[in-house]
1. Which pairs have Cβ atoms under 7 Å, sit 6 or more apart or on different chains, and link a residue in the range 154-174 that is loosely packed, with under 13 Cβ neighbours inside 10 Å to one that is assigned to a loop (DSSP other than H, G, I, E, B) and not hydroxyl-bearing (Ser, Thr, Tyr)?
2. How do the pairs read when you match residues in the range 127-142 that are closer than 20 Å to residue 45 by Cα with residues anywhere that are exposed (fewer than 12 other Cβ atoms within 10 Å of the Cβ) and modelled with pLDDT under 95, using Cβ under 7 Å and keeping only pairs 6 or more apart or on different chains?
3. Which condition number does residue 9 fail, the rest of (1) at pLDDT 90 or above; (2) under 16 Å from residue 171 (Cα atoms) being met?
4. From 92, 107, grab the single residue that is among the polar types (S, T, N, Q), surrounded by fewer than 17 Cβ atoms within 10 Å (Cβ to Cβ) and closer than 26 Å to residue 157 by Cα.
5. Working only within the range 149-189, note down all residues that are in a loop (DSSP other than H, G, I, E, B), in contact with a strand residue (DSSP E or B) (Cβ under 8 Å, 6 or more places away or on another chain) and more than 30 Å from residue 89 (Cα to Cα).
6. Suppose the filter is basic (Lys, Arg), at pLDDT below 95 and over 21 Å from residue 175 (Cα atoms); does residue 44 pass it?
Amino acid sequence: MDKINIEPLAHAYKLLNPGAVVLISVGDGKADNLYSVTWNMPARRDPGMVAILSGKRHYSFPFIEKTGEFGVNIPHAGIAEAVLGCGRTTGSRVQDKFKRFGLTRLSAQKIKAPLVNEAVGNLECRVCQVIDLGYSALLIAQILAARAAPEHFRNGEWCFENGLKLLHHLGGDRFAVSEREIDVQLPQG
């Protein structure tokens, strides 16, 4: 298979995407905010841990520093405009992104930040480690609680037969969706 060189190398990370985009929710019980993050991943299975990359100058970062908590909300394609809007606007100018982008607050069980009711899955997380990367920080957090829409998540797996379309960010205004699974069998022999 022929390949092309990726230039500039600053675009090389896009070879690893499309990673699922998530909405991060933060709050201290008095104020809250949402922002989009594409650089996220599971970090450990048991106990469950996640890692996200967050800009330290973002409006939401001080909430995380203050509370040590955040919510991870897994969106579907039906709320793509809200996901883009939450990533493109700052909480310093839009005081209520939930209202602005037509999303509903869902009370969390273990953290102060609200969750996004329209998301197909929600994780409540407490920061365990912060790795300073200069402009940004890698936040490693333990999952304290998790919930998902039962029509789209059963027996510990995503289920696509009911129209689930998980959202992946490709950069700019471009997104992709995962909407089905395939079975792969190893060849015999």
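The values are calculated or read from the model by the stated rules, or taken from the named source; none is laboratory data. Nothing here was measured: the structure is a model prediction, and the numbers come from that model. Virtual Cβ from ideal backbone geometry, glycine too; neighbours counted across all protein chains shown.
1. 162/151; 162/152
2. 142/47
3. (1)
4. 107
5. Of the residues in the range 149-189, the ones in a loop (DSSP other than H, G, I, E, B) are 149-152, 155-156, 159-165, 172-173, 179-189.
Then keep just the ones that are in contact with a strand residue (DSSP E or B) (Cβ under 8 Å, 6 or more places away or on another chain); that gives 149, 152, 159-160, 164-165, 179, 181.
159, 160, 181 - these are the residues of the range 149-189 that are in a loop (DSSP other than H, G, I, E, B), in contact with a strand residue (DSSP E or B) (Cβ under 8 Å, 6 or more places away or on another chain) and more than 30 Å from residue 89 (Cα to Cα).
6. Working: basic (Lys, Arg): yes; at pLDDT below 95: yes; over 21 Å from residue 175 (Cα atoms): yes.
For residue 44, the condition - basic (Lys, Arg), at pLDDT below 95 and over 21 Å from residue 175 (Cα atoms) - is met.
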